[in-house]
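Accompanying notes for the structure given below.
The values are calculated or read from the model by the stated rules, or taken from the named source; none is laboratory data. On a predicted model such as this, the values are computed, not experimentally measured, just so you know. Cβ atoms come from the backbone with ideal geometry, glycine included; neighbour counts cover every protein chain shown. For the accessible areas, the whole protein counts, side chains as well, though only heavy atoms, and no ligand, DNA or RNA atoms are used. Shrake-Rupley method; radii C 1.70, N 1.55, O 1.52, S 1.80 Å.
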Amino acid sequence: MTTLLTKETFLEKVFNYEENKEWKYEGDIPCIIDFYADWCGPCKALAPVLEQLSEEYDGKIHIYKVDTEAEQELSAAFAIRSIPSMLFCPPNNEQPQMANGALPKQQLEQIIEDVLKVKKSES
């Protein structure tokens, strides 16, 4: 299940950019953060794909959503200029990577494997 983040929960679960200048991921497992807006068509198209991925990778990755309208400071902190934008946060404090646009599921799975180092469990 995808989880909606506010600035407060973002600082706690992902990255406390107010305290740390250097990237320091706070989570226990890798995550994807979807920066979206309710009025954005491609964001709406991406939402069910992310829900599906959150079920398929349950317990292996977190999938978070940030409403760019409600959380403008977060959007500014990550220089979000187009939506949807997704931030992929790998384990071990490796640098996160940003991807823009509503990517197809297959491409997202590839990024999960390459960037987040998570393989899909065989069902």
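Assuming charge only on the beta carbon of Lys and Arg (+1) and of Asp and Glu (-1), the dipole of the chain about its Cα centre is about 320 debye to the nearest 20. Rounded to a whole number, what % of the accessible area of the chain do carbon and sulfur atoms account for, probe 1.4 Å? Ligands and nucleic acids excluded, carbon and sulfur give 48 percent.
Build a GNM of the chain with springs between Cα atoms under 10 Å apart, and of Ala76, Ala99, Ala45 the one that fluctuates most is Ala76. Once you reduce the range 1-76 and the range 97-120 to the center of their Cα atoms, the two points are 14 Å from each other.
Out of Phe35, Gln107, Phe88, whose Cα points farthest toward the positive end of the dipole of the range 4-108 (charges: +1 Lys, Arg; -1 Asp, Glu; placed on Cβ)? Checking the options against the dipole of the range 4-108, the answer is Gln107.
For the chain, the solvent-accessible area works out to 56 Å² per residue, with a probe of 1.4 Å and every protein chain left in place.
So if R0 is 41 Å, what FRET efficiency would Lys117 and Ala37 give, r being the distance between their Cβ atoms, rounded to the nearest 0.05? Computed FRET efficiency for Lys117 and Ala37: 0.85.
Could you identify which residue out of Pro90, Pro30, Pro48 has the top mean-square fluctuation in a GNM of the chain using Cα springs shorter than 10 Å? Judging by the Gaussian network model, the answer is Pro48. Taking each of Lys13/Lys105; Lys65/Lys117; Lys24/Lys120; Lys21/Lys44 in turn, the alpha-carbon distance tops 23 angstrom for Lys13/Lys105; Lys24/Lys120; Lys21/Lys44. This model, with +1 at the C-beta of Lys and Arg and -1 at the C-beta of Asp and Glu, gives the range 12-66 a dipole about its Cα centre of some 180 debye.
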